[in-house]
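Below is one structure, written out as structure tokens; the observations come after it.
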Amino acid sequence: MTFITRLRKTAFPVIFAFLLTACDPMLSIQGSFWPAWIICILAGLMASMVLMWQLVRHRLAPYLGPPLLIAPSLWALCTFVIWLLFYST
């Protein structure tokens, strides 16, 4: 592997990551600015808790699999859906 190919594989993604860090939307909540991804994570946590409660209430939770895998996956799914609903411009 030559130096140029190694440079392309490592340096360019790092440079682009630094250039794109300022592209995060910010929300003003009572005068302090919060990154939108924090709001989406918290909203995703609340939505996943409600969904898990509904699954337990309707006795569907035992059929899903191990809760240690299902709960974080549901949290991630809710977070990504909320992000796409509100910030996909």
Could you tell me how many of the residues in region 51-76 are farther than 22 Å from L27 by Cβ and either touching an Asp or Glu at 6+ places or on another chain (Cβ under 6 Å) or in a helix (DSSP H, G or I) (or both)?
18
Which residue pairs have Cβ atoms under 8 Å apart, sit 6 or more places apart or on different chains, and have a first residue in region 46-72 that is on the phi < 0 side of the Ramachandran plot and surrounded by 11 or more Cβ atoms within 10 Å (Cβ to Cβ) and a second that is at pLDDT 95 or above and of a type in the set (F, W, Y)?
S48/W75
Out of curiosity, is A36 in contact with a strand residue (DSSP E or B) (Cβ under 6 Å, 6 or more places away or on another chain) and modelled with pLDDT of 75 or more?
yes
Going through W75, W83 one at a time, which residue ends up being of a type outside the set (V, I, T), modelled with pLDDT under 95 and surrounded by 14 or more Cβ atoms within 10 Å (Cβ to Cβ)?
W83
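The values are calculated or read from the model by the stated rules, or taken from the named source; none is laboratory data. Keep in mind that this is a model prediction, so the values were computed, not measured. So basically every Cβ, Gly included, is an ideal-geometry build from the backbone, and we count neighbours across all protein chains shown.
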